[in-house]
Amino acid sequence: MCLESLVAILALIAACTLEPGVYLAINIKAAGAEAAINKVNSFGPIFAVSLEQMESLARAVQEESLFGRTGGAATLAVGMARLFASAFGDKMLGLWYHFALMFEALFILTTLDAGTRVGRYLLQDALGRVWPTMGNAANQTSNLLCSGLIVSAWGFFLLNGVADPEGGTKALWPIFGIANQLLASIALSLGSIILLKHQLRKPDGKPAFALVTVLPLVWLLSVTVTAAVEKIGHSDPRIGFLAAARKADADLLVLKQELEKTPDSGPALEKKIHAAERLRLNMRTDAAVTAGFLTLVALLLGITISEAVALLRRKKEAVLSESEPVWLPHLDATKSGVPVAGLLGLGVALVQELSGQAAIERERIVQVAECTCPPNTNPRANAFLISADRRFNGINRCC
């Protein structure tokens, strides 16, 4: 979460480096370049931007166009490219732009990787309550099956987004920030209980140290829960999911009536009807998923509070492990001899590498395998000459 906070700060700084007109031109959807320019300029002189300015910026970052690149990725990339270019020169603006895009993609992929791992752990723990074999982390069948189920879950949304550009990941994107911050609240809740237990186990422990995570938790929940409730129930269709779904219902009614009156414009109206139906489904899905997130976080918060109260009242022992640790038996190297033999073998291999003997042997094997040794020549002697020449006259470095 600290890294994500740093990325958020970088994104804000990058956005501040852009002119207001350029920022809006990148983040406003319009029918075309001219329409986007006119729309941005209509906001006032402070937002003035020209078509030549946007085309020049697009050429500098090696893009065909920067108009309507909503979502924040292009904005962050252009801003970061300008920051780097101010230090290293404008000639590398395109390089820094695509470097920032790669950084964003890798950041998302690492988030997806971490989410897949956590999802597998949770699924294994849940299935282990019903079928103990599935809860065994050392069982390869359980690992593969649970990993496959989690990957299939997010893969379904990915494929759905490919099949329908308005569905899948795009449908869930509005709640990505809420889900991300609510996940952080879960981590802070668990961290608070661990800190509290750690302090209560000490004779002179100070439970107030748990405020290190409790205070950020209170702030995070206050902001995120407020935003989630607003996104669900706000009356403005541009903000609230349910309001947007109701607006889509009204639009569908009007479009269907218009289709009955003017059958000739059927294909265009059917396309609009399909888009409205998809929007209604997306908004209702987002509202339901967000409500589910809030319910789960509320349950976890209630469990956290009850656990903290029980610990502070000394009604529950402060135990930092779910089960008793199982220690491995002590291995006696003098009896088994296995570690000693391994160390001896490693020492011999190291001496061979340092003396150059290993390099000579590798070169000899290559010559024999590829038949590159000159006729009437001892392969080992020839390998010694080649490896010695490479060692003392060649360039040896790691990168």
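Since every read-out is calculated from the coordinates, none of them should be taken as a lab result. Source: prediction; values computed, not measured. Don't worry about glycine lacking a Cβ; one is built from the backbone with ideal geometry, like all the others, and counts go over all protein chains shown.
For this structure, a couple of remarks:
- Inter-probe distance in nm under a simple model that places probes 7 Å from Cα toward Cβ, at D249 and N160: 2.1 nm
- The fewest-to-most ranking of E277, E4, E324 by surrounding Cβ atoms within 10 Å reads E324, E4, E277.
- Sparsely packed loop sites in segment 233-275 (the trypsin sites (Lys or Arg not before Pro) outside DSSP H, G, I, E and B with at most 16 other Cβ atoms within 10 Å) comprise R238.
- Counting only alpha carbon atoms, the long axis of helix 266-312 and the longest principal axis of the chain meet at about 60°.
- Net length available on complete extension from K39 to E55 is 4.1 nm, with 0.36 nm assigned per residue and the Cα-Cα distance removed.
- Rg/Rh, computed from the Cα trace of segment 105-167 with Rh as the Kirkwood radius, has the value 1.08.
- For the chain, the longest principal axis of the Cα atoms and the long axis of helix 140-163 meet at an angle of about 40 degrees.
- Long-range Cα-Cα pairs in the chain (distance over 41 Å), rounded percent: 46 percent
- Long-range lysine pairs (8 or more apart or interchain), segment 167-319, Cα under 25 Å: 21
- Loop-located trypsin sites (Lys or Arg not before Pro) across segment 1-67 with a Cβ neighbour count of 12 or fewer within 10 Å are K29, with loop assigned by DSSP.
- A Förster radius of 35 Å, combined with the Cβ-Cβ distance separating N143 from R313, puts the computed FRET efficiency at roughly 0.30.
- Along each principal axis, Cα extent of segment 80-121, largest first, Å: 47, 13, 9
- Highest-MSF residue in the chain out of N139, N382, N27 [GNM, Cα springs under 10 Å]: N382
- Residue-count net charge about A318 - beta-carbon cut-off 10 Å; Lys, Arg +1, Asp, Glu -1: +4
- By the compact-protein rule of thumb, 2.2 N^0.38 Å, the alpha-carbon radius of gyration of segment 1-71 corresponds to a ratio of 1.21.
- Residue among A179, A87, A298 with the largest mean-square fluctuation in a Gaussian network model of the chain, springs linking Cα atoms under 10 Å: A87
- Set of aspartates and glutamates with alpha-carbon distance to K39 below 20 Å, sequence-local pairs under 8 removed: E19, E52, E55
- Full-stretch length increase - T226, L259 - with 0.36 nm per residue and alpha-carbon distance subtracted: 7.8 nm
- C-alpha long axis of helix 73-88 to longest principal axis of the chain, angle in °: 60 degrees
- Alpha carbon Rg of segment 167-319, scaled by the compact-globule rule 2.2 N^0.38 Å: 1.55
- Candidates Q257, Q199, Q367: whichever shows maximal mean-square fluctuation once the chain is modelled as a Gaussian network with Cα springs under 10 Å: Q367
- Approximating the spin labels as points 7 Å out from Cα along Cα→Cβ, the A48-to-E324 distance works out to 8.0 nm.
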